[in-house]
Amino acid sequence: MSHLIVHGGTPLSGRIIPSANKNAVLPILCATLLTKQPVRLRGVPEITDVKKIVEVFRKLGSKVELDFKTGILDVHHADTHFDPNVDRLPEEMRSSIMLVPGLMARFGAARIEDDVKGCTLGAREIDPHVEVFERFGAQVERLPDGLILRVHRPLTANAHWTDYASVTTTENFVLCAALADGVSTLTNAASEPHVQEFCNFMSLLGAKIEGHGTSKLKITGVQDLGGADYTFTEDFHEIVTFLALGAITGGNVQVKNGAPEMFPLLDRTFAKFGVQIVHEDGWSRCVVDGPLKVKEPFTRNILQKVEAAPWPYVPVDLLPIFVALGVKAEGSVMFWNKVYDGAMGWTSELAKFGAHAFLSDPHRMITFGGKPLSPAEVESPYIIRVAIALLMVAASIPGKSVIKNATPIRRAHPNFVEHIGELGARMEWVEGD
């Protein structure tokens, strides 16, 4: 286990460059399996899930060269092999399910482990993915420890309308459709920034995709995909997190941001807590005039609220970051997670700081902010941004706090603690029970 010791109370200030978005890096890594041509990726972060996928590639015979110091990864799948009866995909990693389309397209077979999962966000079904694979021609066989999928190549193009705008399901559909025979369409597609980045990469390989960034995609299958040299963009999750760290500690943090056009709703959400975000010359910064204070709605007798759902709503992954601001800001806010049913049950950990947060139901939480807070020892659930939200609260309180089981941070953010140390934070990892 990895725990974080946080010596809080220091305003964080300075400039910082975010890493690449895990939610773009992982599907793009999986997409390289679709081509036999060499691919170079720049800006690859040193995170757990990247290491797991790279190890799978090596076990399957792919040529991989990776230097985390430069962030450059060279991968060539020309001599890759796969046997569904022997080879296994990474366990305890949700993104491993995106290796399935490449395996089916290349080898006519793939498998899904029973324990393919990610953060403990509640029920995360694989049925939408299995349905997509079946629509492209896969025959599914259930095993005691997972599923084997077999398909006659090429995959069969089809039209599909998803139950909800799932990011990973959208990416799996595109991965299948890229080499399928014919034209495929997906209605109710996800359109998050990382999905758009993924589609841009697929287009660079030679995939024919129309409509990315919208809720309807049209993909015309091609016979082969080519190689690419691609540089990842900054992770908007990290951008928001660093800005929020500046705001909650009363500091002045500037973050490199090459896509401010993605931020209008996020800027307005910050404003609900008295934080102004300014975008200038490729950088974003937070401006706070005095203590954080919740902006009162014009409509009387209702709470200020932050609703999180698939893009273009506020992303659910960022909801805990704003919960941390809600705990600190004077006033009350309702937070509504419209996707996951297990992502809000950490109010008891906030209470250890002296915060007042009430869980209305599995999807909604109310914070009554501005209460006196004190250092505490808290335990993070296995949810990346919740661990960071607890870190944020601790950083805003003078004194020593402990975030137990903070390991999820390392799944998404390489050298996160070291980076915020550059802003003046005093934090260190402690390994052990």
For the chain, build the charge dipole from Cβ charges (+1 Lys, Arg; -1 Asp, Glu) around the Cα centre, then report which of 5, 321, 278 sits farthest towards its positive end.
278
The pairs in 272/400; 51/293; 293/400; 51/272; 293/404; 69/272 lying past 32 Å Cα-Cα in this model are 51/293; 51/272; 69/272
Among 264, 68, 409, whose Cα sits farthest toward the positive end of the charge dipole of the chain (+1 at Cβ of Lys/Arg, -1 at Cβ of Asp/Glu, about the Cα centre)?
264
What is the set of long-range amide H partners of residue 254 at a cut-off below 5 Å, with H atoms built 1.01 Å from backbone N?
14, 15, 16
Expressed in angstrom and rounded, the centroid-to-centroid distance over alpha carbons for region 152-231 and region 399-433 is 36 Å
Residue-count net charge about residue 285 - beta-carbon cut-off 13 Å; Lys, Arg +1, Asp, Glu -1:
-1
What list of ³J(HN,Hα) couplings, whole Hz, do you get for region 413-429 from phi and the Karplus terms 6.51, -1.76, 1.60, once you set θ to phi - 60° and write x for glycine and proline?
10, x, 6, 4, 5, 5, 5, 6, x, 5, 8, x, 6, 10, 9, 8, 7
If you take every residue apart from residue 155 with its C-beta less than 13 Å away from the C-beta of residue 155, what net charge results, scoring Lys and Arg +1 and Asp and Glu -1?
+2
Mean Cβ neighbour count within 10 Å, used as a protection proxy, ranking 62-74, 355-367, 294-306, 166-178 highest first:
166-178, 355-367, 62-74, 294-306
Under 8 Å for C-alpha pairs, at least 6 residues apart: give me the relative contact order for the chain, rounded to a whole percent.
22 percent
Debye intensity ratio I(q)/I(0), log10, region 195-249, q values 0.14, 0.17, 0.30 Å⁻¹ (C-alpha model):
-0.54, -0.67, -1.15
Once you order the gyration tensor axes a ≥ b ≥ c over the Cα atoms, which shape class does region 295-348 get: rounded for a/c under 1.5, otherwise prolate or oblate by comparing a/b with b/c?
oblate
Based on Cβ point charges of +1 for Lys and Arg and -1 for Asp and Glu, what charge dipole magnitude is obtained for region 312-433 about its Cα centre, in debye rounded to the nearest 20?
240 debye
Anisotropy class of region 22-231 from Cα gyration tensor, a/c 1.5 cut:
rounded
State the answer as a single residue: which of 420, 217, 253 lies farthest towards the positive end of the charge dipole of the chain, with beta carbon charges of +1 for Lys and Arg and -1 for Asp and Glu, about the Cα centre.
253
Of all DSSP beta bridges having both residues in the chain, the percent classed as antiparallel (nearest 5) is 70 percent
Built amide H within the under 5 Å cut-off of residue 273, gap 5+
295
Can you classify region 326-377 as rounded, prolate or oblate using the Cα gyration tensor, where a ≥ b ≥ c are the square roots of its eigenvalues, rounded means a/c under 1.5, and otherwise it's prolate if a/b beats b/c and oblate if not?
oblate
Karplus-derived 3J(HN,Hα) from phi for region 284-294 (6.51 cos²θ - 1.76 cosθ + 1.60, θ = phi - 60°), whole Hz, x at Gly and Pro, runs 10, 9, 9, 10, 10, 9, x, x, 5, 9, 6
In deg cm²/dmol and to the nearest 500, what is the mean residue ellipticity at 222 nm of the chain if only DSSP H runs of at least 4 residues count, each as -39500 (n - 2.57), divided by the residue total?
-8000 deg cm²/dmol
Choice from 254, 223, 37 with maximal GNM fluctuation in the chain (Cα, 10 Å cutoff):
223
Taking the Cα centre as origin and putting +1 on Lys and Arg beta-carbons and -1 on Asp and Glu beta-carbons, what dipole magnitude results for the chain, to the nearest 20 debye?
620 debye
Picking from 334, 262, 104, which is most flexible by a Gaussian network model of the chain using Cα springs under 10 Å?
262
Under a no-solvent Debye model with one identical scatterer per Cα of the chain, what's log10 I(q)/I(0) at q = 0.10, 0.12 Å⁻¹?
-0.70, -0.99
Using the Karplus curve 6.51 cos²θ - 1.76 cosθ + 1.60 with θ = phi - 60°, what ³J(HN,Hα) values do you get for each residue of region 341-356, in whole Hz, with x for Gly and Pro?
9, x, 9, 10, x, 10, 5, 5, 6, 4, 4, 5, 7, x, 6, 10
Please list, in chain and number order, the residues 5+ apart from residue 178 or on another chain whose amide H is under 5 Å from its amide H, with Hs placed from the backbone.
none
Cβ-based exposure ranking for 368, 242, in which fewest neighbours within 10 Å come first
368, 242
Footprinting exposure proxy for 22, 293, 256 (fewest neighbouring C-beta atoms within 10 Å first)
256, 293, 22
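Rule-based calculations on the coordinates, nothing more; no lab input. Just so you know, these numbers come straight off a predicted model, no measurement behind them. Virtual Cβ from ideal backbone geometry, glycine too; neighbours counted across all protein chains shown.
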